Structures are given as C-alpha cells and as structure tokens.
Amino acid sequence: MKSSNNNKTLGAVIVCAGKGERTGLPYNKVLHVLGNKTVLERVLDTFCECGFSRIAVVASADDISRITEIVSEYVRNGVDTAVTLGGNTRAESVRNGLKACPCDIVAIHDGARPYATKELVLRTIESAKRYGSGVAAVRSVDTVKRRTADGKVQSLPRNELFNMQTPQTFAYADIVSAYSGAPDTVTDDAEAFELWGGDTVLVDGEYTNIKITTPADLGFGVSASARIGAGYDVHRLVEGRKLILGGVEIPYERGLLGHSDADVLTHAIMDALLSAAGLPDIGVLFPDTDDKYLGIASAKLLADVVSRVKDCGYGIGNVSAVVIAERPKLAAHIPAIRAALAASLGIEVADVNVSATTAEGLGIVGNGEAIAVNAACVLTERTDR
Ligand code: MG
C-alpha cells in the first residue's frame, strides 16, 4: 500500500559553505546582517515555518563555529538541526548535507537566498511529493547568449530559458543516488538529478528570491525592507513661552504651549519615526500626565525615540517635514534647524529637510494662533551589525 504523502518526513539542507568573495565582504555573506538578523537567520526563520523535521546547515571550516552558534538558537526552539562541514565544491557540500539529513523529501537551499518565501518553499515540497521533484525557477528576463569555443556569439531562444533558483526539492533517495554519481562540476541540484535520469519539474520561483552575490545585492535587501512613516502635530501659540522648532530657539514674541517644550516639529518627526517602526506614538510613550516630561526638551525625547527605532533593527534613511506657520518667517532658521535635527537623529544634514509654508490665512494656523507640522521618514534595515 502506498504510504500517505502526509506521513513523509521533510528535511532541509542549507548550503552555506561558500566564501562569497564576489560580495566584497570580509566575511561569509550568510553572516551579513540585514536589519536585526543575519542572512542565515532569515533563511532559518522561513524554513522553521515550513514543517521540516530536520534542517542540516553546511558550513566551511572558517565559519563553522559562528554558524553553529546561530543554529544552536534554533535547537533551543525545538527544531532538530545539525551543522556539518562542507567540501571543496558545492556538490561535495550538498553530499555532506544530505548525509546529515536523512528524510523522505529534502529541500536543498542556498544559504545566501534570504528572501525566498514560505509559500515558495511549500510549493517545491508539494511538487516533490507529487512528481518527485520541485525546483524553483523564473523565466529569463534578460536575453541570454553564449560564446562558442571559436569565439562566435550565438543567441539562445529567451522564451525557452529559465533562471534556476533554490529551493530545489526531491525525493531523498533519488537525490542521494543522483549525487553519488554526479561530477563535482554540477552547479545546481537539478543538474545532478537530470544527469542521473530524473525529470526536473519546475515550480514558479520569485524574482525577489535573489542569491546575494555582488555588493549591489546587499543594497537590494535595504531597499526591499524600507519602511515609510508619517507624523503630524499642532500646538497653540501663546504669550510668555519660548518658540522651539527642531530643538532650535526661534526669536518671536510668542511660543508654543505644551507639557514639554512643545517643539511641534520634533514631535511630528518622532511620531513619523515611531509609526514607521511599528511602535506606539509619543502620546503613549511620553504621556502629558507624567510630570517626568514637564518642560522637557523634546530633543531628549527624540534621542530616546531614535534608540527605540534602532533597537527594532532599523536605520533612519531620511526625514522630511513641512512647518505650517503664518508667522514668524522661518526661512533664515532652517539651516540651524536641519543641523540640530541631523545631530539628534544621527544622520547627515542632507538627509533631513524642513520646508516652511503658510496656511493662507485659513483656520487657527492661518490666523496665527497655532503652528502645525507634517513629517515623513523612511527607515532602512540596518546592515552595520
Ligand atoms: Mg505635540
């Protein structure tokens, strides 16, 4: 009787034994940090959601202790993991990984592809259960040509071409047999499978499922994870208060009323940052019912917000704000405001811009009773730790 597909044990081999010299990093690219996690942790996070009973990570001798440290966190989370030493070629590394990962269906994945989604991994598993293989691939977008041995360039029919990705998922026994006879020159698992006589079944891959290879690919992660934030604030202008905007005191006969120094510009920027990071707003974090914040310089609160945003793993890309005030005229103060905000935010002045406008005499801002600010920011994931 045929055993149910649902009883098949799932294993994964994550290949991390390369040097990754083309990225220009002084360390293995799988150890590169995107946001608050390494490339390898992002891969493991996705794979741990896919129902694998065992995950074997293949590492080079140089990285095995650091990779073992990372993988041990997942052991604590109850996932059965192993770290095994790679070989001189990808084929040799995969063979070692397969030995460390006995199962019924095995997904082989490049450790440097952190953007593969859970859905993609599951599609390859489903295909392997049904047809014996499931290999992620996308249609070739670029025209591909080949140069023959005599130096002539030949065109290849683009509509027949696919770019292979991983995961590449197979019945375990088949891919083990395939690799036992495969030459060390195979560049992907499907090639070993095909040489053995297997029929590769292609599964729709994802164009975002890039293999981090060049320095430009490291930037891909940053832009793909950028987050936008919006903030707004308004404060009433009253006699007998200082006017503080962006941490700078602006000479004027009135100032903004509030529990803190009422720096409406800094408040709007803080809310933009917190919103982008998915954190609660300043009304929640620094309630005006708490005397701790009575008269406090908002620049201090901004420093606190910046450290909270960084703790979430984000960097600040840029900040942009518009101050809406009938009076005073702000143009002459904007360079000082930008410099003060850049210092508090820990970014370049070029990445902080503030513009000023009026409300054309309309409403409480237009009649000079209040100043309002709209702010926006972009957060990027940190790549510096
Ligand atoms: Mg406020």
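The values are calculated or read from the model by the stated rules, or taken from the named source; none is laboratory data. Since this is a predicted model, take the numbers as computed values, not measurements. All Cβ positions, even for glycine, are placed from backbone atoms using ideal geometry, and neighbour counts span all protein chains on display. These accessible areas exclude ligands, DNA and RNA; they are computed on the full protein's heavy atoms, side chains included. Shrake-Rupley method; radii C 1.70, N 1.55, O 1.52, S 1.80 Å.
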Between the helical axis of 172-181 and the dominant principal axis of the chain, each derived from Cα atoms, what acute angle in degrees is found, rounded to the nearest 10? 70
What accessible area per residue comes out for region 252-369, rounded to a whole number of Å², with a 1.4 Å probe? 45
5 angstrom amide H check on residue 161, placed H, neighbours 5+ away: 140
Excluding residues fewer than 8 places away in the same chain, name every one of the lysines whose C-alpha is closer than 23 Å to that of residue 145. 211
Dividing the convex hull volume of the Cα atoms of region 139-296 by its residue count, what figure in Å³ per residue is obtained? 251
Once Lys and Arg are counted +1 and Asp and Glu -1 for all other residues with Cβ under 12 Å from that of residue 229, the total becomes -1
Over all directions, how big on average is the projection of the convex hull of the alpha-carbon atoms in region 59-163, in square nanometres? 10.0
Taking the Cα atoms of region 1-113, what is the range of coordinates along each of the three principal axes, in descending order and whole Å? 54, 30, 20
Report in % the part of the accessible area of region 8-127 that belongs to carbon and sulfur, leaving out ligands and nucleic acids; probe 1.4 Å. 47
Of all DSSP beta bridges having both residues in the chain, the percent classed as antiparallel (nearest 5) is 60
Along principal axes, largest first, the alpha-carbon spread of region 244-385 in whole Å comes out as 48, 35, 23
Hey, can you find the accessible area per residue of region 25-147 for me, probe 1.4 Å, expressed in square angstrom? 43
Calculated log₁₀ intensity ratio I(q)/I(0) where the Debye formula runs over C-alpha points of the chain, q = 0.08, 0.09 Å⁻¹: -0.58, -0.67
DSSP-loop trypsin sites (Lys or Arg not before Pro) across region 238-301, with at most 16 other Cβ within 10 angstrom: 242
Please get the size of the charge dipole for region 90-168, origin at its Cα centre, with Cβ charges of +1 on Lys and Arg and -1 on Asp and Glu, quoted in debye to the nearest 20. 160
In whole percent, how big is the carbon plus sulfur part of the accessible area of region 307-385, probe 1.4 Å, protein atoms only? 52
Return one number: the angle in degrees, 0 to 90 and rounded to the nearest 10, between the long axis of the Cα atoms of helix 64-76 and the longest principal axis of the Cα atoms of the chain. 80
Phi angles of region 138-145, converted by Karplus (6.51 cos²θ - 1.76 cosθ + 1.60, θ = phi - 60°) into ³J(HN,Hα) in whole Hz with x for Gly and Pro, give 10, 5, 5, 8, 7, 6, 10, 10
What is the Cα coordinate range of region 226-317 on the first, second and third principal axes, sorted by size from largest, in whole angstrom? 41, 26, 17
Between the Cα axis of helix 298-311 and the main Cα principal axis of the chain, the angle (0 to 90°, nearest 10) is 10
